[in-house]
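> So that we are looking at the same thing, I have put the structure below in structure tokens.
What follows draws every value from the coordinates through simple rules; no lab data is involved. Keep in mind that what you see is a predicted model, and the values were worked out from it rather than measured. Using ideal geometry, Cβ is built from the backbone for each residue, glycine included, and neighbour counts are taken over all protein chains shown.
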Amino acid sequence: MEEITYTCRGPRVSEDSAERAGCGLDITELVQAVEVDGETHEIECPRCGNVATVTRTPED
Ligand SMILES: [Zn+2]
């Protein structure tokens, strides 16, 4: 089985900045807890509060 890990990239250091604070927390479990329904879900990093969107599309 293919293992994919997800890491929090941290919040943007300022608005309109491509730079991120680089939290680095392993959020793989949070991503894997998202329903595989093709919808976009938001997950919030418990450490830095950065919100990431995750879409898991069912294969078939
Ligand atoms: Zn974070």
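> What do you get for GluC sites (Glu not before Pro) in the chain restricted to DSSP loop and a cutoff of at most 14 other Cβ within 10 Å of the site's Cβ?
Loop-located and lightly packed - E2, E3, E15, E19, E35, E39, E59.
> Still on this structure, I have one more. Add +1 for every Lys or Arg and -1 for every Asp or Glu among the other residues with Cβ under 14 Å from the Cβ of A52, and state the total.
Combined, the nearby Lys, Arg, Asp and Glu give +1.
> Here is a follow-up. Given the Cα atoms of the chain, and with Rh set as the inverse mean 1/r over their pairs in the Kirkwood sense, what is Rg to Rh to two decimals? Can you show the working numbers first?
Values: Rg = 12.7 Å, Rh = 12.5 Å.
Answer for the chain: 1.02.
> Can you give the longest stretch of the chain with no exposed loop site, where a site means trypsin sites (Lys or Arg not before Pro) in a DSSP loop (not H, G, I, E or B) with at most 16 other C-beta atoms within 10 Å?
Looking at the chain, 1-46 is the longest stretch - no exposed trypsin sites (Lys or Arg not before Pro) with at most 16 other Cβ atoms within 10 Å.
> Here is a further query. With charges set only on the Cβ (+1 for Lys and Arg, -1 for Asp and Glu), what does the dipole of the chain come to about its Cα centre, in debye to the nearest 20?
In debye, rounded to 20, the chain gives about 400.
> Given the options D37, D16, D26, state which has the largest fluctuation in a GNM of the chain using a 10 Å cut-off (strictly under) for Cα springs.
Among D37, D16, D26, the largest GNM mean-square fluctuation belongs to D16.
> Here's another thing I want to ask about it. Return the distance in nm (one decimal) between the two label points of a simple spin-label model at E59 and E29, each offset 7 Å from Cα along Cα→Cβ.
Here the modelled spin labels are 2.5 nm apart.
> Given the DSSP H assignment, sum -39500 (n - 2.57) over each helix run of at least 4 residues in the chain and divide by its residue total; what's the result at 222 nm in deg cm²/dmol, nearest 500?
-1500 deg cm²/dmol
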